[in-house]
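Everything on this sheet refers to the single structure shown next.
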Amino acid sequence: MSTTNAESGMRDWTDKASRERLEKDISAVKSDIAALTDQIADALNTFSKSTSKQARRGYRQARENMDSAIDDMSERGSAMMDAAQDAYGSIEETLEDAITQRPLATVALALGIGFLIGAAWRR
């Protein structure tokens, strides 16, 4: 009987030591998981801030590019309008000069154009 008590005491002692070791291991794993969770949260926050900054920067750059393109198109449109007005003024002056210098040729030309339009219209 004394061996069974000794064996039982030994088992209790090894079970208690194993349990304490297991509890220490579990505690270590819990603290590792908590540290890992904190690291993941920090990484996500950093990523989120970085992504937000990049998105704002991209939006700002796209807006600047769009404003630049609109300004450029406005300048081009204005230049084209000025060129068209100059061309119109030049054509008007040329026609006035031609009519003033050759009134009979101008009337004949107008009649010829009218005849051609009439002939084309009949077909």
Margin query: Given a 1.4 angstrom probe, I'd like the percentage of the accessible area of the chain that is carbon and sulfur, rounded to a whole number.
Written below: 60 percent
Next item on the list: Treating cross-link reach as a plain straight distance, find the aspartates and glutamates whose alpha-carbon is under 16 Å from the alpha-carbon of LYS49, omitting any fewer than eight places away in the same chain.
Entry: none
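Give me the compactness ratio for the chain, meaning the Cα radius of gyration over 2.2 N^0.38 Å. Mind dumping the intermediate values first?
Working: Rg = 47.5 Å, N = 123, 2.2 N^0.38 = 13.7 Å.
Relative to the 2.2 N^0.38 Å estimate, the chain comes out at 3.47.
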Check: Which is farthest toward the positive dipole end of the stretch 62-123 among ALA83, ALA119, ALA69, measuring Cα position about the Cα centre, with Cβ charges +1 (Lys, Arg) and -1 (Asp, Glu)?
Finding: ALA119
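About the Cα centre, and with charges only on the beta carbon of Lys, Arg (+1) and Asp, Glu (-1), how big is the dipole of the chain? Nearest 20 debye, please.
Working: 16 positive and 20 negative charges, 118 e Å.
With Lys and Arg at +1 and Asp and Glu at -1, about 560 debye.
Rounded to the nearest 500, what is the 222 nm mean residue ellipticity of the chain from helices alone, with -39500 (n - 2.57) per DSSP H run of 4+ residues and division by all residues? List each step's numbers first, then the result.
Values: 2 runs with 120 residues, N = 123.
The helix contribution divided over the chain gives -37000 deg cm²/dmol.
The values are calculated or read from the model by the stated rules, or taken from the named source; none is laboratory data. Not measured: the values here are computed from a predicted model. Don't worry about glycine lacking a Cβ; one is built from the backbone with ideal geometry, like all the others, and counts go over all protein chains shown. With ligands, DNA and RNA removed, areas are computed over all heavy atoms of the protein, side chains included. Shrake-Rupley method; radii C 1.70, N 1.55, O 1.52, S 1.80 Å.
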